[in-house]
Amino acid sequence: MTAMDRFSAQPGGDRGAPRRIRVVLADDECMFRTSLRHLLTAPRSVIKDVYGIDVGAEFNVVGEAGTGEETVAMVESARPELLLLDLSMPRMSGLAALRSLQEYREMVRTVILAGEIAKADLVSAVQLGVQGLVLKNAPTELLFQAIVSVIAGQYWLAQTLVADLLDVVRTLGVPAAKDTSKGRATTLTRREREVLALVVAGYANKEIARTFSISEETIKHNLTRMFDKVGATNRLELAVVAAERGLVSDV
């Protein structure tokens, strides 16, 4: 059973019934919140047919907020499992709201929705426990991909932001998501380091496969081996570990 299956199964009930995940939507634009609510509350079959994503769960929007202060109050009262949070809100920013909600960090999984984000804010978001970050102009299927990843306990970051995060990691030495031994990282082959360099640069699997004239499936197998070698669980952790240890500097 996958992490997503475990999260979706109803404890003590019908294991085939999807779990209803409690969600709070926080954005200062009412129409944007309405659009999000309609997307999330669509039947799973419709989401899969239209966007090609099996979300594996149903979503129960238990609250909405239009300011940072309302976000804090809503999370405290509604106790959601998932928070979709805009960074730019009146009176209290999304990051400020997250700082006020640190005691709920382990209970609420957060996906940031942003029109744009500065490098410093990107790192602050990660340090404050944000597991996903999606740009508002991204295709809708990427939002669902991010939500599925975050629900499964993974990190998800828009590829266009990977390079920004890694620039700051290199400069400031931001700790990697996992504390792994340096000895494990030195076992990467030259080809794996070449693939890693493109991951760090934000390339998608299909683009990496095209670069080396090999199949996308082969790239996926390479990434799985690399995850095991460096102790990462996803592309974001792999890229952060690579930047922190200079694993691609000699490629």
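The values are calculated or read from the model by the stated rules, or taken from the named source; none is laboratory data. Keep in mind it's a predicted model, so treat the numbers as computed, not measured. Glycine also receives a Cβ, built like all others from the backbone with ideal geometry; neighbour counts cover every protein chain displayed. Just the protein is used for accessible areas: all its heavy atoms, side chains included, with ligands, DNA and RNA removed. Shrake-Rupley method; radii C 1.70, N 1.55, O 1.52, S 1.80 Å.
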- Item | Estimated inter-spin distance, residue 225 and residue 140, nm [label 7 Å along Cα→Cβ] | 4.0
- Under a Cβ-Cβ cut-off of 11 Å, what is the net charge of the residues other than residue 53 that fall near it, where Lys and Arg count +1 and Asp and Glu count -1? -1
- Taking r as the C-beta separation of residue 189 and residue 35 and R0 as 35 Å, the FRET efficiency to the nearest 0.05 is 0.15
- What nm distance separates the two modelled labels at residue 20 and residue 120, each placed 7 Å from Cα along Cα→Cβ? 4.3
- Message: Taking 0.36 nm per residue of sequence separation and subtracting the Cα-Cα distance, how much length would be gained by fully extending the chain between residue 54 and residue 206, in nm to one decimal?
- Response: 52.6 nm
- With +1 on each Lys and Arg Cβ and -1 on each Asp and Glu Cβ, and nothing else charged, work out how big the dipole of the stretch 33-82 is about its Cα centre, in Debye to the nearest 20. 180
- For the stretch 64-125, what is the Kirkwood hydrodynamic radius in Å, using each pair of distinct C-alpha atoms? 11.6
- Message: Can you give the FRET efficiency to the nearest 0.05 for residue 213 and residue 233, using r as the Cβ-Cβ distance and R₀ = 41 Å?
- Response: 0.90
- Ordered by packing density, taken as the mean number of other Cβ atoms within 10 Å over each peptide's residues, highest first, how do 149-156, 212-219 rank? 149-156, 212-219
- Message: Counting only protein heavy atoms and a 1.4 Å probe, tell me what percentage of the stretch 38-108's accessible area is made up of carbon and sulfur.
- Response: 48
- Query: What order, most packed first, do the peptides 76-89, 116-129 have when packing is the mean number of other Cβ atoms within 10 Å of each residue?
  - Reply: 76-89, 116-129
